[in-house]
Amino acid sequence: MQTGFLNFYDAVLSATQTRAGLVANNIANADTPGYKAVDIPFAAALASQLGGGGNTAAEYRANATVGLDGNDVSLDSERIEAAQNGEQMVGAATFLHQATADLITALRPNPSGN
C-alpha cells in the first residue's frame, strides 16, 4: 500500500511526462504544413491521474498565430512550455527523492541504541 504523497507525486510525474511528449511532438512538427499545436492542461492531467476525472484529451492551443502554411507552432512558446514543464518535473522528482530518503532514514534501526 502506497502512502498518499507517493500517489500524488506519481501522478505529478505522469502528468508532466504526458505534457513533455505533447510539447516534443509540437516542436517536431514545427515545419509541418497545417499542423496545429496541442497541449493538455496540467491541472486536468493531474486530476485525471489522481482519479478526479479531469479531461485528459489533448486540446488545440487557443489564440495561436497561424502561419501562411496553416501551422500555428511557435518554437519560442514551445521552448517556454518545455522549460516550465521540466521545472515541474524536476521539482516533483527532487521532493519525492528527499521524502523517500527521509522515510528510509526514519525506518532504519538506530545504531547508537538511543
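The values are calculated or read from the model by the stated rules, or taken from the named source; none is laboratory data. Predicted, not measured: the structure shown is a model, and the values here were computed from it. Cβ atoms come from the backbone with ideal geometry, glycine included; neighbour counts cover every protein chain shown.
Against the numbered list (1) surrounded by 15 or more Cβ atoms within 10 Å (Cβ to Cβ); (2) touching a residue at least 24 places away in the same chain (Cβ under 8 Å); (3) in contact with a helix residue (DSSP H, G or I) (Cβ under 7 Å, 6 or more places away or on another chain), Val38 comes up short only at (2). It is to be established whether one or more residues within the stretch 68-79 are of a type in the set (A, V, I, L, M), surrounded by 11 or more Cβ atoms within 10 Å (Cβ to Cβ) and at pLDDT 90 or above. Checking the stretch 68-79: at least one residue is of a type in the set (A, V, I, L, M), surrounded by 11 or more Cβ atoms within 10 Å (Cβ to Cβ) and at pLDDT 90 or above.
Taking the conditions (1) part of a helix (DSSP H, G or I); (2) over 17 Å from Ala92 (Cα atoms); (3) modelled with pLDDT under 90 in turn, Ala45 satisfies each one other than (2). Given the criteria surrounded by 17 or more Cβ atoms within 10 Å (Cβ to Cβ) and either touching a Phe, Trp or Tyr at 6+ places or on another chain (Cβ under 6 Å) or not hydrophobic (A, V, I, L, M, F, W, C) (or both), does Thr32 qualify? Taking the combined requirement at face value, the residue does not satisfy it. Inspection of the stretch 5-15 finds a residue satisfying the criterion of being closer than 23 Å to Ala99 by Cβ, assigned to a helix (DSSP H, G or I) and of a type in the set (D, E, K, R).
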